[in-house]
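Novice: Quick one: this structure, given as structure tokens, is what I'll be asking you about.
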Amino acid sequence: MMREEEKIGREEEKGRRGEEEIFFPPVVDGELLEAAPVGVIVVDDEEPTAVAPRVKDRSLKIEDRRSKTEDRRPNSQAALRNYLFLPFVFLTVALLGGLRLSSADAAFVFWRPALFCLIAAAILLVLFFRARLIRFEDWFSEDFPTLRNLANGAVLITLFAASAQVFNALLPEQGLPFWVFAFCFFWTLWNNLFADFETKKLLQSLGAMFGLAFVVKYLILANLAAPAADSWWQGILQNPTKEGLTWLLDLPRFSAGTGYIQFFTVVFYLLGLFLFPAGARAKEN
């Protein structure tokens, strides 16, 4: 009996010691928070900040590179058009606009432009600016490099030279027809300076005006001019009417090939105006 009581006492002491060795964590007062979604970090008293995964970062970088390469392509094409193709077209017009073929031996004759051609070209450039065919702020700016401003200025100079030579090609070279054509051109351009019109209407009016002048000069007046003869008396005997009109109107005698050259001159000029950009400013991302 004594031994059984000692065993029971020992078991009770072991139970007490085990309860003392058990660790109970301290009780902490707090609020229950909901679990935040993946990719978002919640900070007390602040807005949630999103954390983009690395895979999305890589995909965004790839898309940015593609967009940059796509943006460079049209810019390079625009640079080739603005600084190579258009100056080439306008310089070709400036060369062909003063070219004539003599009636005697079909030799090349370069006819210099009259002062009125320069005045008409200057008025035409003002019309381009008014119709917003050319935006000055997109061609010249303090933000552009100096080389770019110089290149844009060179392109506009070629446009001015081509415009002057187009008038030189369409105006009769001398005599009364020259002054009649000059007055009609000046009256049309001067009235357009104070009219409200769009770029499309301006190009249409220029095409109609140039086409009418070409038909009158190279289809009507050119057929009224008498061909070159050995002497004045021989010309009167062969073609008295044409010789009289040639003397009265003071018409120059050129070969029929001159009309073909000036036809392509007008076509190239209108093509250059159609492709001419309103501004040379690069596309900004």
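All of the numbers you see were taken from the coordinates with simple rules; none came from a lab. Keep in mind it's a predicted model, so treat the numbers as computed, not measured. When we count neighbours, we look across all protein chains shown, and the Cβ atoms used for this are built from the backbone with ideal geometry, even at glycine.
Novice: Among Ser102, Ser76, which comes first, second and so on when ranked by fewest other beta-carbon atoms within 10 Å? Could the numbers behind the result be given before it?
Specialist: Values: Ser102 15, Ser76 10.
Least to most surrounded, the residues fall as Ser76, Ser102.
Novice: Only counting other Cβ atoms within 10 Å, I'd like Tyr83, Tyr218, Tyr260 sorted with the fewest neighbours first.
Specialist: If I rank by nearby Cβ atoms, fewest first, I get Tyr260, Tyr83, Tyr218.
Novice: Exposure proxy check: Phe116, Phe90 ranked by fewest other beta carbons within 10 Å? All intermediate terms of the calculation are to be shown ahead of the outcome.
Specialist: On the way: Phe116 19, Phe90 26.
The fewest-first ordering by Cβ neighbours comes to Phe116, Phe90.
Novice: At 7 Å along the Cα-to-beta-carbon direction for both Leu271 and Phe85, put a label point, then send me their distance in nm to one decimal.
Specialist: Modelled inter-label distance: 1.1 nm.
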